[in-house]
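Everything below concerns the one structure shown next.
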Amino acid sequence: PRPGAPVSPAEPISQAYSLALYMQKNTSTLLQTYLQYQGSPFSDPGFSAPELQLSSLPPAAVSFKIWHALDDEERLGHAQGAFLALTQHLQLVGDDQRDLNPGSPILLAQLGAARLRAQGLLGNMAAIMTALGLPIPPEEDTLGVVPFGASAFERKCRGYVVTREYGQWTDRAVRDLALLKAKYPG
């Protein structure tokens with residue numbers, strides 16, 4: 001390509017899609033491992049608390065109609081904002097778990113890997129936005145003020161929401177990227 005010519009978005013889309021699919025294979029394992037280490041009620045069979053949310057983490061759930069109507073900039077912007085928030089929250093959960101479950105190297109390793117993959121996906125999303133000529137949203141401190149006095153139970157709840165939303169955002173990213181892949185074939 002000539003210097004200054006727009007880069008085809010097909011390549012970064014395909015890289016992001018491959019990473020998101022790889023991430024998707026590991027998200028349920030991360031959630032299960034996380035719950036198993038937290039003790040009851042988290043480790044009870046079939047535990048689920050969809051009503052638990054964090055104001056600092058945008059939920060992945062969206063109606064199909066709204067999701068389908070998003071344009072490229074909104075679609076990528078939402079994902080970019082979510083994975084930026086997730087990298088920061090996964091760091092926090094890792095710190096919490098180091099304190100609450102110091103003898104859990106498997107969980108700590110999985111949280112660390114998830115954070116690195118979320119960061120990798122962020123980089124891929126930025127490359128797609130650049131290729132499409134879209135502005136990359138500025139990095140924000142999504143966590144804001146973290147209540148350091150949070151009880152162990154509150155920190156376990158926070159970690160549950162983060163690991164659950166990581167899985168749901170990864171699922172949504174796979175759908176987002178599949179849509180973009182079809183729209184911008186190589």
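Just one of the numbered conditions (1) within 16 Å of the chain's Cα centre (by Cα); (2) of a type outside the set (Asp, Glu); (3) open to solvent by 20 Å² or more (accessible area, probe 1.4 Å) is not true of LEU57: (3). Scanning segment 96-124 for residues that are surrounded by 17 or more Cβ atoms within 10 Å (Cβ to Cβ), within 12 Å of the chain's Cα centre (by Cα) and either in a loop (DSSP other than H, G, I, E, B) or among the aliphatic types (A, V, I, L, M) (or both) yields LEU111, ALA114, ALA118, LEU121, LEU122.
Considering each residue of segment 40-54, count those that are touching a residue at least 60 places away in the same chain (Cβ under 8 Å) and either small (Gly, Ala, Ser) or not in a loop (DSSP other than H, G, I, E, B) (or both), and give that number.
Here is the first cut: in segment 40-54, the residues touching a residue at least 60 places away in the same chain (Cβ under 8 Å) are 42, 49, 52-54.
Cutting the leftovers down to either small (Gly, Ala, Ser) or not in a loop (DSSP other than H, G, I, E, B) (or both) gives us 49.
Going through segment 40-54 one residue at a time, the tally reaches 1.
Could you please give the count of residues in segment 70-90 that are small (Gly, Ala, Ser), open to solvent by 20 Å² or more (accessible area, probe 1.4 Å) and farther than 18 Å from LEU132 by Cα? Adding up the residues that qualify gives 0. Is it true that some residue in segment 55-71 is over 25 Å from LEU177 (Cβ atoms) and part of a loop (DSSP other than H, G, I, E, B)? There is at least one residue in segment 55-71 that is over 25 Å from LEU177 (Cβ atoms) and part of a loop (DSSP other than H, G, I, E, B). Counting only residues that are exposed (fewer than 14 other Cβ atoms within 10 Å of the Cβ) and β-branched (Val, Ile, Thr), segment 9-42 holds 1 of them.
Applying the condition of being modelled with pLDDT under 90 and among the aliphatic types (A, V, I, L, M) to segment 128-186 and asking which residue is farthest from LEU84 (Cα to Cα) yields ALA150.
Could you grab me the full set of residues in segment 3-56 that are among the polar types (S, T, N, Q) and closer than 22 Å to PRO105 by Cβ? Passing the criteria: ASN26, THR27, SER28, THR29, GLN32, THR33, GLN36, GLN38, SER43. Of all positions in segment 21-43, at least one carries a residue that is aromatic (Phe, Trp, Tyr), under 27 Å from ILE136 (Cβ atoms) and at pLDDT 95 or above. Scanning segment 151-164 for residues that are in contact with a Ser or Thr (Cβ under 9 Å, 6 or more places away or on another chain) and part of a helix (DSSP H, G or I) turns up at least one hit.
The values are calculated or read from the model by the stated rules, or taken from the named source; none is laboratory data. As the structure is a prediction and not an experimental result, all values here were calculated from the model. Neighbour counts are summed over all protein chains in view; Cβ atoms, including those assigned to glycine, are modelled from backbone coordinates with ideal geometry. Remember, those area values only see protein heavy atoms, side chains included, never the ligands or the DNA or RNA. Shrake-Rupley method; radii C 1.70, N 1.55, O 1.52, S 1.80 Å.
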